[in-house]
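These notes are about the structure you will find just below.
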Amino acid sequence: GENVEQHPSTLSVQEGDSAVIKCTYSDSASNYFPWYKQELGKRPQLIIDIRSNVGEKKDQRIAVTLNKTAKHFSLHITETQPEDSAVYFCAASKGGGSNYKLTFGKGTLLTVNP
Amino acid sequence: KAGVTQTPRYLIKTRGQQVTLSCSPISGHRSVSWYQQTPGQGLQFLFEYFSETQRNKGNFPGRFSGRQFSNSRSEMNVSTLELGDSALYLCASTMGGSSRETQYFGPGTRLLVL
């Protein structure tokens, strides 16, 4: 089955710096890659996603890039703020049929220091 | 629209007991997925239901089961509880028409097995 590796497991940055989280996936049939943010004690919330027909997607300070050949995708957060502190999860799923299973990475704890 | 809701929010059980958790999806959503979240294993897919039918299943023992009702509400049941079943159980809903739809998570049920 699909396997998603996520690095780093913890990341500490200064406010205003950029943060990058990287994920690799094993199944070349995967074609949907969402990123979720989970604050302490709260539910995961989608922050951005990318489908395999595009290589990059941006939403204000957040961007995701996808390299299908290398089977990896990355989350980029620019101008980090203390409220960006949370655990971030990447995930992958296959399209087609009824493959509604999301396979998640183990998460990255991002700490933004004021 | 109201978000995904889960009940109860917290549960304490003892080994050997069974437990039933409930999830009400966003109105109009027909697909409900269940995930187990633990510090060691992260977010792991349990199963997914669509129109009262299980469409996808993860790699969990048969003690974990679920069902979906005609109003799309879903329940999951864990029988013969073990200490290792202590976790946050999350459900997520989508409309169910495509495997690349955004999954919206509920707040979770935190289960503690003593």
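The values are calculated or read from the model by the stated rules, or taken from the named source; none is laboratory data. This one's a predicted model, so the numbers in the text were calculated from it and none came from an experiment. Glycine also receives a Cβ, built like all others from the backbone with ideal geometry; neighbour counts cover every protein chain displayed. The area values use the complete protein model at the heavy-atom level, side chains included, leaving out ligands, DNA and RNA. Shrake-Rupley method; radii C 1.70, N 1.55, O 1.52, S 1.80 Å.
With solvent modelled as a 1.4 Å probe, how much accessible area in total do chains B and A shield from it at their shared surface, in Å² to the nearest 100?
Values: alone 6270 and 6610 Å², together 10830 Å².
About 2100 Å² of accessible surface is lost on pairing.
Counting only heavy atoms of protein chains, what accessible area per residue, in Å², does chain B have with a probe of 1.4 Å?
With all protein chains present, chain B gives 46 Å² per residue.
Skipping prolines and chain starts, which residues have an amide H placed within reach, meaning under 5 Å, of the one on A:Ser85, given they are 5 or more residues away or on another chain?
Excluding prolines and chain starts, which carry no amide H, the hits are A:Val112.
Under the definition of Cα pairs under 8 Å and six or more residues apart, what whole-number percent is the relative contact order of region A:6-77?
Normalised by residue count, the contact order of region A:6-77 is 31 percent.
For A:Ser85, tell me the accessible area in Å² from a 1.4 Å probe, rounded to the nearest 10.
40 Å²
Got a sec to turn the phi values of region B:47-56 into Karplus ³J(HN,Hα) couplings, 6.51 cos²θ - 1.76 cosθ + 1.60 with θ = phi - 60°, whole Hz, x for Gly and Pro?
So the Karplus estimates, Gly and Pro as x, are 6, 9, 10, 9, 6, 6, 10, 6, 9, 9 Hz.
Tell me the carbon and sulfur percent of the accessible area for region B:12-68, rounded to whole percent, probe radius 1.4 Å.
43 percent
State in Å² the accessible area per residue of region A:1-109; use a 1.4 Å probe, count heavy atoms of protein chains only, and round to the nearest integer.
49 Å²
If the cut-off is a Cα-Cα distance under 25 Å, which lysines reach A:Lys94, setting aside same-chain residues fewer than 8 apart in sequence?
Cross-link targets: A:Lys22, A:Lys37, A:Lys57, A:Lys58, A:Lys68, A:Lys71, A:Lys106, B:Lys57.
Report the extension gain between A:Val54 and A:Asp27 in nm, rounded to one decimal, defined as 0.36 nm multiplied by the number of residues separating them, less their alpha carbon distance. Working shown, then result.
On the way: separation 27, 0.36 × 27 = 9.72 nm, distance 1.76 nm.
Working it through step by step, the gained length comes to 8.0 nm.
Could you work out how far apart the two model spin labels at B:Ser27 and B:Thr14 are, taking each label as a point 7 Å from the Cα in the direction of the beta carbon, and quote it in nm?
Going by the 7 Å Cα→Cβ label model, 4.3 nm.
Using a 1.4 angstrom probe on the protein heavy atoms only, could you order A:Thr80, A:Thr24, B:Thr102 from most to least accessible area?
Largest to smallest exposure gives the sequence A:Thr24, B:Thr102, A:Thr80.
At what distance in angstrom do the alpha carbon centres of region A:64-88 and region B:1-60 lie from each other?
27 Å
Which shape class applies to the protein assembly as shown: rounded if a/c is under 1.5, otherwise prolate when a/b exceeds b/c and oblate if not, where a ≥ b ≥ c are the square roots of the Cα gyration tensor eigenvalues?
prolate
With springs only between Cα atoms under 10 Å, which of A:Val87, A:Val54, A:Val13 fluctuates most in a Gaussian network model of chain A?
Highest fluctuation among the options: A:Val54.
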